[in-house]
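For reference, the structure is listed below as structure tokens.
The values are calculated or read from the model by the stated rules, or taken from the named source; none is laboratory data. Computed from a predicted model, the values in this text were never measured in an experiment. Reconstructed Cβ throughout: ideal geometry from the backbone, glycine too, with neighbour counts over all protein chains shown. Just so you know, the surface numbers come from the protein's heavy atoms only, side chains and all, with ligands and any DNA or RNA stripped out. Shrake-Rupley method; radii C 1.70, N 1.55, O 1.52, S 1.80 Å.
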Number of protein chains: 2
Amino acid sequence: MPRGIEATLLAAVVEGRIKPGSKLSENQLAEAFGVSRTLVREALTRLEARNIVLVQPRKGWFVVEPSAEEAAEVYATRRILEYGFLINAAPFTEAQIADLQAHIEEERKAVDQNDKTRLTYLMGDFHVRIVKQSGNATLVETMRTLAARTNLISLRYQSEHNALASHKDHVAIFEAIARGDMKAAARLSYEHLEDVEAGIMIDTSPNAIDLLKNTLRLDEAPNGRG
Amino acid sequence: MPRGIEATLLAAVVEGRIKPGSKLSENQLAEAFGVSRTLVREALTRLEARNIVLVQPRKGWFVVEPSAEEAAEVYATRRILEYGFLINAAPFTEAQIADLQAHIEEERKAVDQNDKTRLTYLMGDFHVRIVKQSGNATLVETMRTLAARTNLISLRYQSEHNALASHKDHVAIFEAIARGDMKAAARLSYEHLEDVEAGIMIDTSPNAIDLLKNTLRLDEAPNGRG
DNA sequence: GTCGCGCTTCTTGCATACAAGATTGAAATG
DNA sequence: CATTTCAATCTTGTATGCAAGAAGCGCGAC
């Protein structure tokens with residue numbers, strides 16, 4: 001059941017039920033899952049390889065609290081990945097568009113009901129769902145991990161994330177994809193992720209973002225913006 | 001020493017000293033490293049999370065033999081990542097250009113000396129070195145893992161890889177970066193990785209590539225080619 | 001010779017035992 | 001009362017033991 005433990009813990013992170021910095025006791029998890037520490041450690045080791053948790057020697061396992069640098073890295077990587085995918089992708093098929101539309105509809109419902117746990121999940125899953133259309137499991141897994149890390153960033157830095165603004169961005173990206181304008185979709189996606197990152201960083205420290213953008217040499221807007 | 005075990009095994013894969021399909025016995029590795037099976041299993045678990053090895057239950061651990069689909073995924077992801085990075089990156093600084101030039105020089109030496117083990121490593125490391133200039137550890141780690149998987153693909157499918165052709169491509173990409181033409185660099189990188197993939201697939205099955213390109217919806221050339 | 005069956009051996013799966021550092025709390029001392 | 005120190009406890013780190021399935025091999029039957 002080691003994969004089940006990893007998946008369960010990851011789901012808890014993705015849905016925001018486990019906060020960054022939480023301690024994960026091997027013994028408690030072992031008891032909760034009804035297995036020995038061995039399997040728990042295996043699952044935690046896998047999650048550590050994905051930068052979801054980390055172990056402090058002889059102290060314990062903790063859900064990572066992404067530093068500002070880490071946060072910038074994750075967002076930059078997400079932008080690169082999704083932009084690179086969309087800009088080079090063939091226009092989506094009807095079925096693929098329908099799949100995305102179904103997601104957008106779910107988002108809208110969650111916004112209406114103000115279901116925050118579900119929104120947390122859906123906001124990241126939108127981007128996973130986009131790259132999922134490639135059928136590229138490697139790409140999807142990478143994006144899934146980044147989305148999980150993004151949640152930890154949001155939970156740490158963002159007191160109250162503006163789900164409505166994100167949802168509107170998602171709708172705009174969806175509409176560009178739906179009309180076959182992948183170039184616009186790529187650009188909108190890039191800008192959307194920049195905005196989300198900026199919103200989070202402003203919550204923390206007003207000028208932190210400029211500092212970080214200099215660290216990572218990725219602050220040039222894609223063609224068609226400046 | 002679990003990290004050391006993982007790093008050692010990964011290095012062996014990256015340098016082509018361990019072939020895809022090789023069996024990795026927990027007992028033998030434990031003896032070789034002078035530790036118990038526990039630490040070996042931890043290292044193997046980490047490598048499994050990176051798709052470098054896999055375990056067949058009750059049978060053993062094996063270095064992955066990437067399927068044609070997997071190979072296509074890895075190349076597609078590399079293209080997306082590197083294209084997305086370069087197209088959005090600011091022009092490189094003098095120091096960054098010098099770093100890449102040093103790598104190109106190393107490649108040239110290895111080509112001259114026909115040092116195949118070193119070439120195997122350098123061919124993948126070039127792309128790692130490019131994204132390294134971002135200072136984005138997340139991005140670098142992702143690319144590093146993909147480069148390792150690419151080596152397994154080459155070793156499995158490519159009887160004799162044309163290092164000279166790849167080197168020339170690398171030089172062209174470097175020159176584009178050096179003159180600050182990131183757009184050209186991105187395009188050249190994309191095409192280079194396409195060519196390498198095509199070369200490998202042709203060795204295997206002449207028409208396999210078309211089949212695969214249809215599976216992944218990523219066969220559109222970036223702007224400026226078709 | 002060839003096919004099939006069973007035993008032996010080798011493999012990983014998982015639990016457990018013990019070691020050793022980190023933490024916490026209480027007791028003793030100033 | 002404050003502070004310090006030591007012991008009890010809790011944490012992970014690593015090795016080991018045992019179970020269970022897979023594979024290889026030899027022997028016997030046909």
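For the stretch B:89-204, the square roots a ≥ b ≥ c of the C-alpha gyration tensor eigenvalues yield an a/c of 1.5 or more together with a/b exceeding b/c, which makes the shape prolate.
Neighbours of B:Glu15 by Cβ distance under 13 Å: Lys/Arg scored +1, Asp/Glu scored -1, total +2.
Starting from the Kirkwood radius over alpha-carbon pairs of chain A, derive D by Stokes-Einstein at 10 °C in a medium of 1.306 mPa s and give it in µm² s⁻¹. Walk me through the numbers on the way to the answer.
Values: Rh = 18.4 Å.
Value of D from the Cα-based Kirkwood radius: 86 µm²/s.
Ignoring lysines fewer than eight residues from B:Lys23 along the same chain, the ones with Cα atoms less than 25 angstrom from its Cα are B:Lys59, B:Lys116. Other residues within the sphere of radius under 11 Å centred on the Cβ of A:Thr38, judged by their own Cβ, net out at 0 (K and R +1, D and E -1).
Please report the net charge: other residues with Cβ closer than 14 Å to the Cβ of B:Ala49, K and R +1, D and E -1.
Numbers: positive: A:Arg3, A:Arg41, A:Arg46, A:Arg50, A:Arg144, B:Arg3, B:Arg41, B:Arg46, B:Arg50, B:Arg144, B:Arg149; negative: A:Glu6, A:Glu42, A:Glu48, A:Glu141, B:Glu6, B:Glu42, B:Glu48, B:Glu141.
Combined, the nearby Lys, Arg, Asp and Glu give +3.
For the protein assembly as shown, the Kirkwood estimate of hydrodynamic radius, built from reciprocal distances between every pair of different alpha carbons, is 23.0 Å. Proximity of backbone amide H atoms, modeled 1.01 Å from N, is registered between A:Asn51 and no other residue at under 5 Å, excluding neighbours fewer than 5 places apart on the same chain. Mind telling me which of A:Ala11, A:Ala72, A:Ala95 comes out most flexible in a GNM of chain A, alpha-carbon contacts under 10 Å? Maximum fluctuation in the GNM of chain A, among the listed residues, is at A:Ala95. In this structure the protein assembly as shown gives 44 Å² per residue of accessible area when probed at 1.4 Å with all protein chains present. Here B:Gly34 yields copy-to-copy label distances, from shortest upward, of 4.4 nm, the label point defined as 7 Å from Cα along Cα to C-beta. Across the stretch B:2-63, counting alpha-carbon atoms alone, Rg and Dmax equal 10.4, 29 Å.
Please give the contour-minus-distance gain from A:Ser25 to A:Glu105: 0.36 nm per residue of separation, less the Cα-Cα distance, rounded to one decimal in nm. The partial results should precede the final answer.
Details: separation 80, 0.36 × 80 = 28.80 nm, distance 3.84 nm.
Going from the current span to full extension adds 25.0 nm.
Nearest chain B C-beta to the B/A rotation axis, reported as residue and distance in angstrom, is B:Gly84, 1.
Only helical runs count toward this figure. For the protein assembly as shown, summing -39,500 (n - 2.57) over DSSP H runs of n ≥ 4 and dividing by all residues gives -23500 deg cm²/dmol at 222 nm. Mind grabbing the interface size between A and B? I mean buried accessible area, both sides, 1.4 Å probe, in Å² to the nearest hundred. The summed interface area works out to 3200 Å². Taking amide hydrogens as placed 1.01 Å from N in the peptide plane, the amide H of A:Ala90 sits under 5 Å from those of B:Asp219, B:Glu220, each at least 5 positions away in sequence or on another chain.
Each other copy holds its own label point for B:Asp99; taking that point as 7 Å from Cα along Cα to Cβ, the gaps run 3.7 nm, nearest first. Sorted shortest first, the separations between the B:Gly180 label point and its copies elsewhere in the assembly read 3.8 nm; each point sits 7 Å from Cα along the Cα-to-Cβ line.
Ignoring ligands, DNA and RNA, what percent of the accessible area of the stretch B:2-63 is carbon or sulfur (1.4 Å)? Could the numbers behind the result be given before it?
On the way: 1620 of 3230 Å².
On the stretch B:2-63, the fraction of accessible area on carbon and sulfur atoms equals 50 percent.
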